[in-house]
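Before any comments, here is the structure.
The values are calculated or read from the model by the stated rules, or taken from the named source; none is laboratory data. Computed from a prediction, not measured in an experiment: that's the story for all the values here. Cβ coordinates were reconstructed from backbone atoms using ideal geometry, including for glycine residues, and neighbour counts include every protein chain displayed.
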Amino acid sequence: MVRILDTYNKLSLKDIDIFQSQYNIELTNNYITFLLRWNGGTPSPEMFIISDEEGPTVMNYFYSIGDTQYNLEDHLDIYEFRLPNSFIPIGDDPGGNAILLGTRGPYYDHIYFWDHEQEPGYPDMSNMYFLANDIWEFLDHLYENEIGDNEE
């Protein structure tokens, strides 16, 4: 079972509604539940597999709503013209890559890994890897680093 450490202030549905209105975003029900429960933080365990080719990485931090070092608002601005329209950043790994949430269409509720080192000159999905159908499945796939894991 995953624990989330270093969480930020508790949110209300009203807080989330204000955020969604301010940024013209409709968050998924699963992600809203996640935010209401934890509002960001560091997962334990923290490892996940990007793909068979790319291997493992670490889930550094889930962004929070509010005035924090890892706030969702700042990251929406950072990635505004870098991500396809159907995605928002919800966290990152230590290498500066983003964990994304699909908010529309066929990607709705899905979690993806966005590799900044393979970033094309325009927003598309060529540098993205599917991770899970929703935030809960992603959390279920997190595991502890074991001796002998090859992290690159």
Handout entry: Cross-chain or 6+ apart pairs with Cβ under 6 Å, the range 111-136 first and within 17 Å of G55 (Cβ to Cβ), then assigned to a loop (DSSP other than H, G, I, E, B) and among the small types (G, A, S)
Key = H116/G96
Practice task
Could you tell me whether L11 is assigned to a loop (DSSP other than H, G, I, E, B) and farther than 22 Å from D140 by Cβ?
Solution key: yes
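For the range 41-78, which positions are of a type in the set (G, A, S), surrounded by 15 or more Cβ atoms within 10 Å (Cβ to Cβ) and on the phi < 0 side of the Ramachandran plot?
First, the residues of the range 41-78 that are of a type in the set (G, A, S): 41, 44, 51, 55, 64, 66.
When the remaining residues are screened for being surrounded by 15 or more Cβ atoms within 10 Å (Cβ to Cβ), the result is 41, 64, 66.
Selection gives S64 alone.
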Practice task
Looking for whichever is acidic (D, E) and under 13 Å from the mean Cα position of the chain (by Cα) here; the options are E26, E46. Which one fits?
Solution key: E46
Practice task
Would you please list the contacts, defined by Cβ atoms under 9 Å and residues six or more apart or on different chains, that run from a residue in the range 45-70 that is closer than 18 Å to L100 by Cα to a residue that is modelled with pLDDT of 95 or more and basic (K, R)?
Solution key: none
Problem - Number of the condition not met by D17 [criteria: (1) outside any strand (DSSP E or B); (2) over 16 Å from I135 (Cβ atoms); (3) touching a residue at least 24 places away in the same chain (Cβ under 8 Å)] - result: (3)
Problem - Among residues of the range 101-142, those that are touching a Pro at 6+ places or on another chain (Cβ under 9 Å) and either β-branched (V, I, T) or more than 23 Å from E46 (Cα to Cα) (or both), counted - result: 5
